[in-house]
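Just below is one structure, and these are the notes that go with it.
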Amino acid sequence: MSSPVTFNNKYLPFALIAPQILITLVFFILPAGQAIFQSFRLEDAFGLSSEFVGLENFINLYNDSYYLDTFITTLQFSISVAFLALISALILSAFAEHIIRGATFYRTFLIWPYAVAPVVAGSLWLFLFDPTIGVVTDILHWVGISWNPTLNGAHAMWMVIITSTWKQISYNFLFFLAALQSVPKSLLEAAAIDGSGPIKRFMSISFPLISPTSFFLLVINFVYAFFDTFAVIHAMTQGGPSNSTSTLVYKVYHDGFIGLDIGSSAAQSVILMILVALLTVFQFKYVEKKVAY
Amino acid sequence: MSTLTLSNITKLYPNGYQAIHELNLDIEEGEMVVLVGPSGCGKSTLLRMIAGLEEITSGELQIDDHLVNHLEPGERDIAMVFQNYALYPHMSIYDNMAYGLRNRKTPKKEIHRLVTQVADMLELSELLERKPKQLSGGQKQRVAMGRAIVREPKVFLFDEPLSNLDAKLRVQMRLQIKKLQRRLGTTSVYVTHDQVEAMTLADKLVVLNKGNIEQVGRPLDIYDRPASTFVASFIGSPAMNLFDANITEKGIEFEHSFFTFNHGGLSLGRVKLGIRPEHFQITAHNSWLKVEVELIESLGADLLLYCKTTTKISQNLVVRVEGHSKINIGDILGLSIKLENLHLFDSNTSKRINIENNVQPIVKVAYA
Amino acid sequence: MVQRRPLFRIFCHIVLMLGIVSIAFPVWIALVATTHENTAFATTTPLWFGDLGFSVFRDLLSNQSTFNNSSLPISKMLLNSLVMALVITVGKLTISIMSAYAVVFFRFPGRMLAFWMIFFTLMLPVEVRIIPTFEVVTNLNMLNSFSGLTIPLIASATATFLFRQFFLTVPRELIEAARIDGAGPIRFFFDILLPLSRTNIAALFVITFIYGWNQYLWPLLITTDVQYYTIVMGIKQMLGVTDGVIEWNKIMATTIIAMLPPVIVVIAMQKAFVKGLVDAEK
């Protein structure tokens, strides 16, 4: 929790921690509080005053089929991205670990997408998926699929999923590779002596031993897909066509800044906050055992 | 050269555990005091309280008659050698040794003079530019000592500095520490759990047990006249043999032998009898004890015989004899000892019972 | 490995190569696109280089090109991104290391409260509180300014936690030796703790720089003045044009320019970065 040896100063620690606490209060705690406050209010048409309406905003959301759709969209999105990104990264990292020599070379060229901004990724893939001139579009035509993400909701969804997956693979690869490399060599050698081939060794020894990492990445990927993909969606589809790619986060932005429905947006924010809180607590309790008190 | 005085020192932890109980100790100028005892006896805690790394719950600590309880470690003018060396990994050896002096705003020239002089003394001159991780264990320990010496402090504190070294190195370093301390004459407090280190290094030996001092004195005095069964079995290797015996009107009854003497004042009942392994003599006639040899350990210069008394009570004991004695497993031996090598301890308090004043022990031996 | 299975190894290499190729594929296409005239994009995307070479890049960077008849300050946007990323990085590292130091090495009233407050921010990514934070920033007159771009993003908890975790592994004897050597808390911090934290600082530098450079939602919200646009935002503006010819070559060129600095940083500091990231989450 804290170092066994501590210093005895009275004022220094306060001075040290003050900047972070100050900024946290002004830009985190205060807005969070305000979001909660605003979620219970409804603004009038001109935005001049607001009145307390209790849980009305929340109830409206509950009854709003669009909002529920958004939930489902977000879930679909998260699960798909998590699944695809994890499987691909696992296979790639397993192979990279196996060949040992050259693993660093492959790692260099597989992790750089981490550095790419989501919106940049969106821009790249938008170009590839463009209904008229995209390269991937051409390939899909060739296979018989007429691809148009501006009209077809499912296509738009896939486009966004693939773009996000592209970025996530590199992050997952990094962690999987590190985890696989830390499996004690002696275990694998013992298995080899017992006659197991590389695939069998992976399935029966490496994979079970990296399960903490796998679980951790599962949660991280899920959280990422839930909250971090605003940029991709805003750049590529703006939530369309007809809300098919509108995720929870995007809807908060859309309703608040474009629809100017502060109350509803705030209520959505609050719901998101609760979700994040639950996921964070979950992550710390089961995944990170290091937060000791 | 400074004196150190500990008065009624107590250490009580917040969870209620009392590590040190009202301890009193006087340390003279230039003395090498060794604190020895088993794990958990409080010796490290005591050292750290002297250093200022642990708070003194109550009592007074004085260095040169100045109360220092509330001074920071850096203000007490002490230096410490740690078990794990505690060298600053990112600094060169020179900088490691110079750091304390720099903090005291010692002028650069002076620092250079001191560091090179001490490095010379410890044969570290060629290593001054290296980093700690490039050094061996023994070298690192010398640097740790150098760092302490360079400060020219009032007191040296050693916290089990040799525990991490291999056996041979430990012996070498032990000698070096002793020589250095003699030469520098700095008052030193040395903590160890190794009783060989304790015996060889100490001017004054302090045996600790569960936060209390069991005995203070010169090593040989403690060896010859241990104040309790704890000290008796802790100091000396192999440990002193402790037997159950009875005080009757006839005298001390032990394994069918009697030591008859004027025991005026001694109450009747059980006692503990102590005999060191090297004090047994093997006699063919007039032996007091008959034992059977179960196991033999040959150390080269000595033989250790692990025996069992042949009576029904069958107590275990260890006998040390010369290394080339012709003894085999299964041999039955007759043992006797000189009376001055007998130790008596109270069965309840474990404290030493002095029998020297009771004159004229008459030994009559009768056994079955 | 113990066994020798050359065929399998070759298979692994092939798969990994394919992986690299498919990851790099979008960037390849983008690069190719920058070398063609926009007319080439009428029906399909070319797969090989065209004739324009790096001229598109040159024009963009020297602010000579126009985009739908409005001049596009690419260099300015790059500069904004750089300033923003660096300020966020230096700012975040500084206050995080100070807070971690306070929480680990001192006991003071309110310590646990402060710890939990900082922990709490982990649960509040900016996406979750955009409107109220926007209001706060507006009220403080920080819109369209560098302070507005950077300060709200400086205080998140991950760096603090990483430093805290590292500080807890510093052997206690090192601290004690320093105290005996007369070092107070400030000296200890600069002479000993900071040098020992070098790897962590390097790794966090990379992570935070990328985080700062790639910021999207926040700059989008609080800047309306083109002078304060970051390059990452700028791309979106270019994509948002609906009428007229979409100047793909310029868009792709801007995309690549926007992507380069963080990628270079990651590749250059790969070792420290990987170590930091993997250790951070452990």
| J(HN,Hα) series, the range B:227-238, from Karplus relation 6.51 cos²θ - 1.76 cosθ + 1.60, nearest Hz, glycine and proline x | 7, 7, 4, 4, 4, 4, 8, 7, 8, x, 9, x
| task | For chain C, set up a Gaussian network in which alpha carbons nearer than 10 Å are linked by springs, and say which option among C:102, C:24, C:272 fluctuates the most. | result | C:24
| remark: With +1 on the Cβ of every Lys and Arg and -1 on the Cβ of every Asp and Glu, the dipole magnitude of the protein assembly as shown about its Cα centre, in debye rounded to the nearest 20, is 1880
| query | Among bridges DSSP assigns within the protein assembly as shown, what percent are antiparallel (round to 5)? | reply | 80
| field | Portion, in percent, of the accessible area of the range B:195-247 that falls on carbon or sulfur, probe 1.4 Å | value | 50
| task | Roll a 1.4 angstrom probe over the protein heavy atoms and tell me the percent of accessible area of the range B:88-191 that is carbon or sulfur. | result | 48
| note | Connecting every pair of Cα atoms under 10 Å apart in chain B and solving the GNM, the largest mean-square fluctuation among B:14, B:38, B:161 falls on B:14
| query | Total Å² of accessible surface buried at the C-A contact, 1.4 Å probe, nearest 100? | reply | 10300
| remark: For B:58, B:228, the accessible-area ranking with a 1.4 Å probe, largest leading, is B:58, B:228
| said: Which lysines, if any, have their Cα less than 23 Å from the Cα of residue B:338, not counting same-chain residues under 8 positions apart? | reply: B:250, B:272, B:290, B:308, B:326, B:351, B:364
| note | So the C/B interface buries, both sides summed and with a 1.4 Å probe, an accessible area in Å² (nearest 100) of 1800
| query | Gaussian network model of chain A, Cα springs within a sub-10 Å range: biggest mean-square fluctuation belongs to which of A:273, A:159, A:203? | reply | A:203
| request: Please work out whether the range A:214-283 counts as rounded, prolate or oblate from its C-alpha gyration tensor, where a ≥ b ≥ c are the square roots of the eigenvalues and a/c under 1.5 means rounded, while otherwise a/b larger than b/c means prolate and anything else oblate? | output: oblate
| note | Which residues qualify? For residue B:353, with a placed amide H closer than 5 Å and at least 5 residues away or on another chain, they are B:344, B:345, B:346
| request: Kindly report the accessible area of the protein assembly as shown per residue (heavy atoms of protein chains, probe 1.4 Å, no ligands, DNA or RNA), in Å². | output: 44
| task | Sum up the charges of everything whose Cβ sits under 9 Å from the Cβ of residue B:293, counting Lys and Arg as +1 and Asp and Glu as -1, but leave residue B:293 out. | result | -2
| Under 5 Å, built H, 5+ apart or other chain: amide partners of residue B:54 | B:49
| At a 1.4 Å probe, what is the % contribution of carbon and sulfur to the accessible area of chain C? | 67
| query | What number, rounded to the nearest 500 deg cm²/dmol, is the helix-based mean residue ellipticity at 222 nm of chain C, given -39500 (n - 2.57) per DSSP H run of at least four residues and division by all its residues? | reply | -20000 deg cm²/dmol
| remark: Counting only protein heavy atoms and leaving out ligands, DNA and RNA, the solvent-accessible surface of residue C:61 at a 1.4 Å probe, in Å² to the nearest 10, equals 80
| Excluding exposed DSSP-loop trypsin sites (Lys or Arg not before Pro) (at most 12 other C-beta within 10 Å), longest clean stretch of chain A | A:102-288
| request: Please report the relative contact order for chain C, taking Cα pairs under 8 Å with a sequence separation of at least 6, and give it as a percent rounded to a whole number. | output: 29
| query | In terms of Cα to Cα distance under 16 Å, which aspartates and glutamates are near enough to residue C:236, apart from those fewer than 8 places away along the same chain? | reply | A:130, C:225, C:247
| request: Sort C:235, C:267 by accessible area with a 1.4 Å probe, largest first. | output: C:267, C:235
| field | Loop-exposed chymotrypsin sites (Phe, Trp or Tyr not before Pro) per DSSP, neighbour cap 16 Cβ within 10 angstrom, longest uninterrupted part of chain B | value | B:18-366
| query | Using DSSP loop states and a limit of at most 14 other Cβ atoms within 10 Å to flag GluC sites (Glu not before Pro), what is the longest stretch of chain B containing no flagged site? | reply | B:130-248
| request: Arrange the residues C:94, B:248 by how much accessible surface each exposes, largest first, with a 1.4 angstrom probe. | output: C:94, B:248
| Once a ≥ b ≥ c are taken as the square roots of the eigenvalues of the Cα gyration tensor of chain A, is the result rounded (a/c under 1.5), prolate (a/b larger than b/c) or oblate (a/b not larger than b/c)? | oblate
| message | With every protein chain left in place and a probe of 1.4 Å, what is the accessible surface of residue B:222, to the nearest 10 Å²? | response | 0
| query | the range A:122-170: which residues show an accessible-area loss of 40 Å² or more, assembly versus chain alone, 1.4 Å probe? | reply | A:123, A:124, A:127, A:128, A:133, A:135, A:166
| request: Determine how large the accessible area of residue A:98 is when every protein chain is in place; take a 1.4 Å probe and give Å² rounded to the nearest 10. | output: 30
| query | Taking θ as phi - 60°, what are the ³J(HN,Hα) couplings along the range B:128-137 by the Karplus curve (6.51, -1.76, 1.60), each to the nearest whole Hz, with x for Gly and Pro? | reply | 4, 8, 7, 9, x, 5, 8, 9, 7, x
| In straight Cα distance, which aspartates and glutamates are under 13 Å from residue B:11, not counting same-chain residues fewer than 8 positions off? | B:22, B:54, B:55, B:60
| field | Alpha-carbon centroid distance for the pair the range A:232-258 / the range A:143-174, whole angstrom | value | 16
| task | Evaluate the relative contact order of chain B (contact order divided by residue number), counting alpha-carbon pairs under 8 angstrom at least 6 apart; express in whole percent. | result | 16
| note | Honestly the range B:53-151 on the Cα gyration tensor test (a ≥ b ≥ c root eigenvalues; a/c under 1.5 rounded, otherwise a/b vs b/c for prolate or oblate) is just prolate
| request: Can you tell me the relative contact order of the range A:211-278? Whole percent, Cα pairs under 8 Å, sequence separation 6 or more. | output: 21
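The values are calculated or read from the model by the stated rules, or taken from the named source; none is laboratory data. Model, not experiment: these values are computed from the prediction. So basically every Cβ, Gly included, is an ideal-geometry build from the backbone, and we count neighbours across all protein chains shown. Ligands, DNA and RNA are stripped out before the accessible areas are found, and what is left, the full protein with its side chains, is counted by its heavy atoms. Shrake-Rupley method; radii C 1.70, N 1.55, O 1.52, S 1.80 Å.
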